[in-house]
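As structure tokens, the structure follows; a few thoughts come after it.
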Amino acid sequence: MSSVLNRLLNITKAAAHELLDKLEDPVRMMDYYVKNAAEEIERLKAEIAKQKGTERWLETRLEELRQQTAQAEERAAEAVTGGREAEARLALEAKLHYMEKADETARQLDAARAAVAELERRLETAKAAHASMQARHGELAERARKAAAQVRYAGCGSEALSGFERMEEKIMQWESRSELAAKRYAESGHAGSPAPDAAAARHARIEEELERLRQRKTE
């Protein structure tokens, strides 16, 4: 995949250089990159808002699961006290379910917080780049108007190369994000029913929890 992208980028860069050699106004290219930088800032702001919404939802969900875990523990303890062990086992099964979901949600929350932090870092970088481009725009525009055609085209080509290098970096980020999303999906609750060994382990865990409650009852 990487080699295909590299060839595509090389072809695109070559075509861009050929186009830039024919341009008569490199100032327009500077305007283009300033505009793109401003759009990138807005895109990052929107993505941060979306991720923060996900983060808040996960925080609420995690708190609900922890409350459900505690409630299931209480039901199991009451059932053991009343001698209703079958009911206690069901409550402990629910408790383990809520604990597993809480652990999964906590991992997703950590990932969401890390994503927000990374997006905020990229936003600050984008803002700094945009501010730098704006500050230099007037000076470069004046130099472009005064420079000879060959000098102007060379400077414009350098700007184009910088733009494409940023595009290549973005593609790499997309690839990394896709791999991370696939990994998170694989680690999420889509693995199907527990294997026989997992079912046996769960049964043993329930019996351990039940015994713990029995011991607490006799204390």
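The values are calculated or read from the model by the stated rules, or taken from the named source; none is laboratory data. Owing to the predicted nature of the structure, the values given are computational and were not obtained by experimental measurement. Glycine gets a Cβ as well: all are built from the backbone with ideal geometry, and neighbour counts include every protein chain shown.
Given the structure, is K95 modelled with pLDDT under 75 and of a type in the set (K, R)? Give the steps one after another, and end with the answer.
Working: modelled with pLDDT under 75: no; of a type in the set (K, R): yes.
No: the conditions fail for K95.
Of all residues in segment 61-113 being without any contact (Cβ under 8 Å) to a residue 60 or more places away in the chain and polar (S, T, N, Q), which is surrounded by the fewest Cβ atoms within 10 Å (Cβ to Cβ)?
Q67
Here A154, A102 are screened, and the one residue that is at pLDDT 65 or above and assigned to a helix (DSSP H, G or I) is A102.
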